[in-house]
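The values are calculated or read from the model by the stated rules, or taken from the named source; none is laboratory data. Predicted model, so just to flag it, every value in this text is computed and none were measured. Note that we place each Cβ from the backbone using ideal geometry, even for glycine, and neighbour counts take in every protein chain shown. We work out accessible area using only protein heavy atoms, side chains counted, and drop any ligands, DNA or RNA first. Shrake-Rupley method; radii C 1.70, N 1.55, O 1.52, S 1.80 Å.
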Amino acid sequence: MFVPPGEDLVNQWESEQARLRLQVMEEDTEDWQRSPDFSGLERVGGVDLSFIKGDDVNACAQLVVLSYPDMEVLYEDSQMVTLTAPYIAGFLAFRETPFLLEALQRLERNQPKLLPQVVFVDGNGLFHYREFGLACHLGVLSGMPCVGVAKNLLQVQGVNKSEEHQLQISALQKGGDSFPLTAASGKVLGKALRSSDKSSKPVYVSVGHKISVDTAVRLTHSCCHYRVPEPIRQLKKDATADLKNSEDQQVQKTCVCVCVCVRVRVRVRVRVRARACVYVGQY
């Protein structure tokens, strides 16, 4: 269980976000981004942190690299990590970025030819309280083009789940249709995208770094077989197995502890000790 950070730390984080925000590039910087069919783009990546239910300390940091446009898995990296910062709305990057950046750096060291040309982040970019979400943070620190794709609407800067917003969603007729997420200031922070004909529920796309919002939306749509773009969807599939293995290991450790306690405190037959282990493993 984390202790809430003090005011000084929160102020420090805000200052860090403001400093790094100045380095975000909101325009296309790569040749492949300017091509109608993204000619020259060969590798797309996805990153995410997944959690064990009820555990706010241990998580699974994941990176996947897929071929483009075939969406075949080229590289996978999955590491169980111990978090060092609490979750605070608006400061998710300080909790997750170190582990995601480490995964990208590990790939660059070991197999640099598989480094993605763009990274999809399961979270927001400019569509954020201070226009510097996780996708921006990772993009600036890594120097790589990043796109933020969120499954749920972050209600910030005058954007909310209003009746007008719901009507705009209803007007999205087919995959590829989108509408802007406009702040009270008039700035477009991202777009709501109907990413697939198979799903009427949109995803929320925003610039992370080194890409324009229109290109980010177009690229996201091109990577979607279903609602969620494949680089992120593949992460979710793999995380389920990794987290289950981690939970199983925790159960096994608990069983061992119970067996030891029974053996030390009570003189019972082996058969009874075995039943104690099975009971704990089930519940």
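In the condition set (1) in contact with a Leu (Cβ under 8 Å, 6 or more places away or on another chain); (2) of a type in the set (D, E, K, R); (3) in a loop (DSSP other than H, G, I, E, B), residue 108 is compliant with all but (3). Just to be sure, is residue 131 acidic (Asp, Glu) and within 19 Å of the chain's Cα centre (by Cα)? Yes: the conditions hold for residue 131.
Restricting the stretch 1-15 to residues that are surrounded by 12 or more Cβ atoms within 10 Å (Cβ to Cβ) and among the aliphatic types (A, V, I, L, M), the residue that is nearest to the chain's Cα centre (by Cα) is 10. A Cβ distance below 6 Å, combined with a sequence gap of six or more or placement on separate chains, defines the contacts here; from the stretch 16-43, residues that are open to solvent by 60 Å² or more (accessible area, probe 1.4 Å) reach residues that are modelled with pLDDT of 95 or more and acidic (Asp, Glu) in the pairs 34/28.
Looking across 206, 212, one residue alone is hydroxyl-bearing (Ser, Thr, Tyr), at pLDDT 95 or above and within 25 Å of residue 61 (Cα to Cα). It is 206.
Of all residues in the stretch 152-167, those being more than 15 Å from residue 127 (Cβ to Cβ) and surrounded by 11 or more Cβ atoms within 10 Å (Cβ to Cβ) number 1. The set of residues in the stretch 221-236 that are open to solvent by 20 Å² or more (accessible area, probe 1.4 Å), of a type in the set (D, E, K, R) and either modelled with pLDDT of 95 or more or under 19 Å from residue 43 (Cβ atoms) (or both) comprises 227, 233.
Among residues of the stretch 136-161 that are closer than 15 Å to residue 96 by Cα, none has a beta-carbon under 6 Å from a residue that is acidic (Asp, Glu) at least six positions away or on a different chain. Of the candidates 178, 170, 142, the single residue that is surrounded by fewer than 16 Cβ atoms within 10 Å (Cβ to Cβ) and of a type outside the set (A, V, I, L, M) is 170.
Scanning the stretch 51-73 for residues that are among the aliphatic types (A, V, I, L, M) and open to solvent by less than 50 Å² (accessible area, probe 1.4 Å) returns 52, 57, 59, 61, 63, 64, 65, 66, 71. Within the stretch 191-210, being hydroxyl-bearing (Ser, Thr, Tyr) and touching a residue at least 60 places away in the same chain (Cβ under 8 Å) holds for 204, 206.
Of a type in the set (Val, Ile, Thr) and open to solvent by 30 Å² or more (accessible area, probe 1.4 Å): is that true of residue 97 in this structure? Criteria not met by residue 97. If the condition is being buried (at least 17 other Cβ atoms within 10 Å of the Cβ) and within 14 Å of residue 107 (Cα to Cα), then the stretch 76-85 contributes 77, 78.
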